Amino acid sequence: MFPELNAILNTSPDNFKQGELILVSDRRADASFLVHHFLSFYLKAGCKVCFLGLAQSFSHYSAVSQRLGVSLTQAKEKGQLLFLEVLNESLDVLLQKTSNTESQALDFLRDPAVGLRGLYDFVRASVSDSGVGGEDDGGGGTVGRWGPPVLLVDDLTVLLSLGVSVGSVLDFSHYCFVTVCSQLKGNMVTLVRCEGEEDEDEDGDEEGSERLLKGLTHQCCLTLHVQGLPTGFCRDIHGQVEVCWRKTQKDKPSNQRKLFQYKVHDKGASFFARGTSSAVL
């Protein structure tokens, strides 16, 4: 995880808010480094994590997490992490070679019209299974040793390219939010990628991703939007991230926004106020 980002968000593995949907998005930049941050953050916090790997493999996340001081393999073995590797499972699902829990969760790959009910059922069972990784309470039951459940999704726009409608993806996100955040007091982190410019209004995935981003923005409590620099490429500054805290005061929405620039390192990332990097001073 990135200590500087924790300071910006005023949070830590020992003290973080529960029941929140955190929306990570990017445009002309790569926000996946923030997904790595939240994955290592919640594992270090002792949470039970369900990860839907739609865009990258477990090996990819494992290699990066090792540099951040977290072992995903150990987390899986202990039952703290459940990783659904869609890239690995998709071929077997399409060829109907298997009929396990993972393949049932990915029924939409064969027929996008069926929606994401199977995937939601997989998430609900994963985050509700408090006995996984639990300890014997002496009375025949179990006492879960993990903290509140966390659902991470990388990334939701992949579902659009697979033929799932924007409405179905938003419904899936809403039901997951109700289960994970409202009922179980856990957290959600989702990534959405927007390929076009903000004012683009064309048909295709760009329009779908924009509608998805707007729909999720209304559900979330915190957004982190990563963009490329307006001035173009810079070796010492990789981009900028706009952090927006969405709150409701007296039944009216109240947003607080801050803009930071960042640089990703091999073992972390640095964040600084716009124009304060040593590269431009």
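Provide the per-residue ³J(HN,Hα) series for segment 225-238, in order, calculated from phi with Karplus coefficients 6.51, -1.76, 1.60 and θ = phi - 60°, each as a whole number of Hz, with x at glycine and proline positions.
Karplus-based 3J(HN,Hα) across segment 225-238 equals 10, 9, 9, x, 5, x, 8, x, 5, 9, 5, 9, 9, 8 Hz.
Between D30 and R145, what's the calculated FRET efficiency when r is the beta-carbon distance and R0 is 25 Å? Round to 0.05. Intermediate values should be presented prior to the final figure.
Details: r = 35 Å, r/R0 = 1.39.
Once the sixth-power term is evaluated, E becomes 0.10.
Express the Stokes-Einstein translational diffusion coefficient of segment 1-100 in µm² s⁻¹, to the nearest whole number, given a Kirkwood radius over alpha-carbon pairs, 10 °C and a viscosity of 1.306 mPa s.
Working: Rh = 15.0 Å.
D, rounded to a whole number, is 106 µm²/s.
For segment 32-79, what is the largest minus smallest coordinate of the Cα atoms on each principal axis, given in angstrom and ordered from greatest to least?
23, 16, 16
Which order do D26, D111 take when ranked by solvent-accessible area (1.4 Å probe, heavy atoms of all protein chains), largest first? If you can, show how the numbers build up before the last one.
On the way: D26 5, D111 70 Å².
Per-residue accessible area, sorted high to low, gives D111, D26.
Using the C-alpha atoms of segment 3-61, what convex hull volume per residue, in cubic angstrom, is computed? Don't skip to the answer; put the middle values down first.
Working: hull volume 6.8 nm³, N = 59.
Expressed per residue, the convex hull around the Cα atoms of segment 3-61 is 116 Å³.
The values are calculated or read from the model by the stated rules, or taken from the named source; none is laboratory data. In this text the structure is predicted, and so the values were computed from the model without any measurement. Note: ideal-geometry Cβ built from the backbone for every residue, glycine included; neighbour counts use all protein chains shown. These area figures cover heavy atoms from the full protein model, side chains too; ligands, DNA and RNA do not enter into them. Shrake-Rupley method; radii C 1.70, N 1.55, O 1.52, S 1.80 Å.
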